[in-house]
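First comes the structure, then the notes that go with it.
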Amino acid sequence: MEPTNELVEDIVVLEDQLTNALRRRAHLEDEMNQDIGLIAQNPSWNRLPLPVDILTSILSMVVFPDSRSIGRLLFVCRDWYSVIMSTPVLWSVIHVVGPSKQSELSSLKAYCRA
């Protein structure tokens, strides 16, 4: 079966699009490699500081649904530790895990009374 002219034209168009996409990909990879080289030469560029109010807003969105996450967030970096420790609103809700069995609860009550 012989391909129709329309199919041949479609194939030519698709091959051109693929060629252009591959060229664009190569160009973007070159740009990315140049950026990676610049970052490697300038270690201070590895982190982009956020203003404290924006970081606090982001952290509160993470902490309020699950207050247990605050402990993990303290270890991200010094800046985050500093912001978390100096922002009381992030500590306004604390998740406390209590005893899971009645015997543990009884032991805890007895300990607290002593």
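Contact annotation: no residue pair with Cβ atoms under 7 Å, 6 or more positions apart or on different chains, pairs a residue in the stretch 45-74 that is basic (Lys, Arg) and surrounded by 11 or more Cβ atoms within 10 Å (Cβ to Cβ) with a partner that is modelled with pLDDT of 80 or more and part of a helix (DSSP H, G or I).
Please name all residue pairs, on different chains or six or more residues apart, with Cβ atoms under 7 Å, provided the first residue is in the stretch 75-89 and is loosely packed, with under 13 Cβ neighbours inside 10 Å and the second residue is of a type in the set (Gly, Ala, Ser). Partner pairs satisfying both residue conditions: VAL89/SER60.
The values are calculated or read from the model by the stated rules, or taken from the named source; none is laboratory data. Note that the structure is a prediction, hence the values are computed from the model and not measured. Glycine gets a Cβ as well: all are built from the backbone with ideal geometry, and neighbour counts include every protein chain shown.
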